[in-house]
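A.B. asks: Take this structure, written in structure tokens, and hold onto it; I'll ask about it next.
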Amino acid sequence: MIERENIIKLYDIYKNLLTENQQEYFEEYYFEDLSLSEISENKNVSKSFVGKTINTIEKKLATYEKALELNNLYNKIEIISKKTTDENTKKELETLLH
């Protein structure tokens with residue numbers, strides 16, 4: 001399982017590649033801190049289905065990152081932004097990051 005902070009970063013980058021339904025499951029689990037049982041009750045599905053769905057989403061996000069490496073690129077730009085002393089470059093890089 002990917003650690004929570006990392007999976008949330010990947011979600012922020014790749015969420016538009018997920019279905020609306022997958023986004024709802026992810027947000028309820030990670031952002032609203034609902035348990036699998038609570039989500040299953042809300043969605044009228046089994047707890048097992050919710051767990052499998054969350055697992056599938058996590059795998060998809062990891063696959064997207066492995067193929068596209070956007071989070072990796074973001075992290076590299078962030079490091080360069082912190083190290084540069086040129087204020088114009090720093091501002092441009094920070095604009096890219098946000």
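Derivation of every value follows stated rules applied to the coordinates shown; laboratory data play no part. None of the values given here were measured: they were computed from a predicted structure. Quick reminder, even Gly has a Cβ in these numbers, built from the backbone with ideal geometry, and neighbours come from all protein chains shown.
A.B. asks: With semi-axes √(5λ) of the Cα gyration tensor in Å defined as stated, name the option among [x] 31, 11, 10; [y] 34, 13, 10; [z] 37, 18, 12 computed from the structure displayed.
C.D. replies: Here the calculated entry is [y].
A.B. asks: Note down the relative contact order for the chain as a percent, whole number, built from C-alpha pairs under 8 angstrom at least six residues apart.
C.D. replies: Numbers: 56 pairs, mean separation 26.0, N = 98.
Result for the chain is 27 percent.
A.B. asks: Something else: In nm, give the distance between the simple-model label positions of SER35 and LYS52, each being 7 Å from the Cα along the Cα-to-Cβ direction.
C.D. replies: Each label point lies 7 Å from its Cα, and together they span 2.2 nm.
A.B. asks: When we measure straight from the Cα of LYS76, which lysines land under 18 angstrom away, once same-chain ones fewer than 8 places off are left out?
C.D. replies: Answer for LYS76, where 18 Å is the Cα cut-off: LYS9, LYS66, LYS90, LYS91, listed by chain and number.
A.B. asks: Going through segment 19-98, which GluC sites (Glu not before Pro) have at most 15 other Cβ atoms within 10 Å and a DSSP loop state? Working shown, then result.
C.D. replies: On the way: sites: GLU20, GLU24, GLU27, GLU28, GLU32, GLU38, GLU41, GLU58, GLU65, GLU69, GLU78, GLU87, GLU92, GLU94; in loops: GLU32, GLU69.
When the GluC sites (Glu not before Pro) of segment 19-98 are filtered for loop state and at most 15 Cβ neighbours within 10 Å, GLU32, GLU69 remain.
A.B. asks: Turning to a different aspect of this structure: Give, rounded to the nearest 20 debye, the magnitude of the charge dipole that the chain has about its Cα centre when Lys and Arg contribute +1 at Cβ and Asp and Glu contribute -1 at Cβ. List each step's numbers first, then the result.
C.D. replies: On the way: 14 positive and 19 negative charges, 84 e Å.
That gives the chain a dipole magnitude of about 400 debye.
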